[in-house]
């Protein structure tokens, strides 16, 4: 789960795109960076209303942090596994299986873990829950350059990135005092 969380906060990609990321594929792990082909690229055509697919490609450039996460993921399991993020058996996560594990992880982080004899084995570390999709929003919010965040999240409309994913408070300067 830590690999998935790190990939989400570094790359800003959707849960499904991270869960289907191949383990070793030269078309995905290019010299420039990680190549993503977001699955959510269908939209309704403005003129005729039919659903069309817009093939977007997002290249998340290599950074020291991204390389470290990928290397850590490769060390976790055999090279024959199909996806980079996988379960303990080396099989790809299903969407529901991943969300079930995520929910269990968040509940443990909120409540801590106790044994039957009430001995605390893990203290709570979170005050409020968050979803895996919130990590995508964190990626956009932490980025100082809005254009870079918008390009990385691959939204067709800039308003989607601004209204949904950038969660910084708006800043405003004080106005002038009314002269007497």
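The values are calculated or read from the model by the stated rules, or taken from the named source; none is laboratory data. Computed from a predicted model, the values in this text were never measured in an experiment. Positions of Cβ are generated from backbone atoms using ideal geometry, with glycine treated the same way; all protein chains shown enter the neighbour counts.
Overview of values
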{"item": "Strands (runs of 3 or more DSSP E) wholly inside the stretch 1-90 that include at least 3 residues being surrounded by fewer than 13 Cβ atoms within 10 Å (Cβ to Cβ)", "result": "42-44, 51-53"}
{"item": "Pairs with Cβ under 7 Å, 6+ apart, first in the stretch 107-132 and touching a residue at least 12 places away in the same chain (Cβ under 8 Å), second part of a loop (DSSP other than H, G, I, E, B) and surrounded by fewer than 11 Cβ atoms within 10 Å (Cβ to Cβ)", "result": "109/125; 112/123"}
{"item": "Unmet criterion (only one of (1) within 16 Å of residue 16 (Cα to Cα); (2) modelled with pLDDT of 90 or more) for residue 56", "result": "(2)"}
{"item": "Residue tally, condition surrounded by 14 or more Cβ atoms within 10 Å (Cβ to Cβ), farther than 15 Å from residue 133 by Cα and free of Cβ contacts under 8 Å to residues at least 60 places away in the same chain, over the stretch 147-170", "result": "2"}
{"item": "Condition met for residue 37 (on the phi < 0 side of the Ramachandran plot, under 20 Å from the mean Cα position of the chain (by Cα) and at pLDDT 90 or above)", "result": "no"}
{"item": "Residue match in the stretch 96-117 (condition: in contact with a helix residue (DSSP H, G or I) (Cβ under 8 Å, 6 or more places away or on another chain), surrounded by fewer than 13 Cβ atoms within 10 Å (Cβ to Cβ) and either at pLDDT below 90 or in a helix (DSSP H, G or I) (or both))", "result": "no"}
{"item": "Sole exception among (1) part of a helix (DSSP H, G or I); (2) under 14 Å from the mean Cα position of the chain (by Cα); (3) more than 27 Å from residue 24 (Cβ to Cβ) for residue 147, by number", "result": "(2)"}
{"item": "Some residue of the stretch 120-131 being closer than 24 Å to residue 22 by Cα and either under 16 Å from the mean Cα position of the chain (by Cα) or at pLDDT 90 or above (or both)", "result": "yes"}
